[in-house]
Each structure stands twice: as C-alpha cells, then as structure tokens.
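These notes concern the structure reproduced below.
No value in this document is a laboratory result; all are computed from the given coordinates. Remember, it's a predicted structure, so these values are computed and weren't measured experimentally. Neighbour counts are summed over all protein chains in view; Cβ atoms, including those assigned to glycine, are modelled from backbone coordinates with ideal geometry.
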C-alpha cells in the first residue's frame, strides 16, 4: 500500500510545485525589476508618503467601522435561522463577489450627489460624499465589512452557548454576558476578521476610484498611486507595489495561527 501511494504522492508534489511556481514568479519578477538603489528615495517622496498616510488613515477608519457595525450584525445573523437572516446575509456578502467597479457605481447611485441618499445630504447640509476622503472610507467599508461579518459570525456560531447561559444564571445581563464572556472567547475570530477587513480596505481599488476618484492628497490611496505611477513613473509603481506586498506578508504572519495551524 505504501509503495502504491509513493507515485501518487510524487505526482501531487510536482503539481503543487508547479502551482506554487505560478504564484511565486510574479513576486520574483517584482523583486528583479525593483530599483533597489532608489527604493528609499521613491518611498520618501511627497506623493508616496501622502498616498501611504491616506491609505493607513482610511483603511483603519474602514476597519473600525466594520467592527462597530459588523459585530452587532454578525451577532444577529448567528442568533438563528430564517429567510430574513438569509436575505440579509446575501446582501452583506454581495460586495465580496461584485466586481469592485460595479460596487463603486452602486455607491454613486445611492450616496452620490444625485443618489437616493446623496441628494438628501446635499440638499440638507450641502455635503457630498463622492470624491472626498470620507467617500474613500465609505467605499472601503463597503467592500471590507463583509469579511469581518462572516468571520465574526463563524466565531459566534462555534461559540459554546453554555458559557453564556451559566453567566446568565449568575445574574449577568445579556450585554454584560456578551461583553465579558462571549467576546473574549471569540476574540481570535474577531482579530482575524479585523485584520482581513483592514487589509481588504488597504488594497481596495475599483470601488474607490469609481466612487471617490483619484485626487492626489485627498482620495489617491496606495493602490491608486500604483495605478497612476505605472503611466508616468514605473519605478515608483514598483516601489509602492513592494510596500503593499510587505503589508500582505505581514498580514499572513499575523494570521498564521488562524490560517496555518501547527500540526
């Protein structure tokens, strides 16, 4: 039996190596074409610093909003079954499968100056979300929150509710039980959802450029800066791409216990 498995294992290993090479080659190409002698100067330039700072601000704000709005939603979704919960779950997960540009168009039609809600904001307080920094945050939250909601819901569904019931019998209120018992026990899922949502917001491109535009210093985040630099300064585009690769690698390192459990 062991001898029969050996050829199959070898073929599987070869296939895995070829597929791994498919993912490795783009990174090798990026490393080979990186002007290492000029990376420091590229990253220290004003436009790059502005794009990086804006990306960090907007993605962090989007991650915080995703947790603030997504945790109650995840708790409700995990609290039972029914068509209404299924319908809401479909709505929440739709941005994950929509082309980002379509999401940006939909945001424009809802929150743009002539949108369903946007024209009310413009008429009442003279405020328009599109092509502003808050618009970037809205676009990033729209595409990032589903990742947090699904991760948090999975953690809540796997939570042993007997712990919450025991706290309730001791007189703890539902809010105190949730805050002191449920949240600490599902903390790994919440951390994973937060980091993934933040990373998704940091890398968002399509919805941002469609809804918020590509205005230097106001809405030009790192992905948009890479796109812009490709047309005028490829070396800067490569340096910016290197930063995003480093951030993605750091993300995987932070989530190594959740996604790559030790055997």
Mind checking the log10 I(q)/I(0) for the stretch 10-79 at q = 0.12 Å⁻¹? Debye, one equal scatterer per Cα, no solvent, two decimals.
-0.74
Over the stretch 42-259, consider all pairs of different Cα atoms and compute the Kirkwood hydrodynamic radius from their mean reciprocal separation; express it in Å, one decimal.
18.8 Å
The extension gain from residue 31 to residue 230, computed as 0.36 nm times the residue separation minus the Cα-Cα distance, is 70.0 nm
When a footprinting reagent is the concern and you count Cβ atoms within 10 Å, what order do 231, 204 take, fewest first?
231, 204
For the chain, set up a Gaussian network in which alpha carbons nearer than 10 Å are linked by springs, and say which option among 127, 22, 178 fluctuates the most.
22
I want to verify a result. In a Gaussian network model of the chain, Cα cutoff 10 Å, which of these has the top mean-square fluctuation: 246, 166, 38?
166
Cα convex hull volume per residue for the stretch 158-242 (Å³)
136 Å³
For the chain, averaging the sequence separation of alpha carbon pairs under 8 Å that lie six or more residues apart and dividing by its residue count, the contact order in percent is 28 percent
Descending Cα extents along the principal axes, the stretch 92-214, whole Å:
53, 31, 20
Find the Cα radius of gyration of the stretch 130-178, compare it with 2.2 N^0.38 Å by division, and give the number to two decimals.
1.80
Calculated on alpha-carbon atoms, Rg and Dmax of the stretch 1-148 in Å:
22.9, 76
Sort 45, 59 so the one with the fewest other Cβ atoms within 10 Å of its own Cβ comes first.
45, 59
Per the 1/(1 + (r/R0)^6) rule, R0 = 51 Å and r from the Cβ atoms of residue 23 and residue 122, FRET efficiency to 0.05 is 0.65
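Taking 0.36 nm per residue of separation and subtracting the Cα-Cα distance, what length does fully extending residue 246 through residue 180 add? Kindly include the intermediate steps, with their values, before the conclusion.
Details: separation 66, 0.36 × 66 = 23.76 nm, distance 3.53 nm.
The span from residue 246 to residue 180 would gain 20.2 nm if fully extended.
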Name the most mobile residue of 243, 143, 28, meaning the one with the largest mean-square fluctuation, in a Gaussian network model of the chain with Cα contacts below 10 Å.
28
How big is the gap, in Å, between the Cα center of the stretch 188-210 and the Cα center of the stretch 51-127?
12 Å
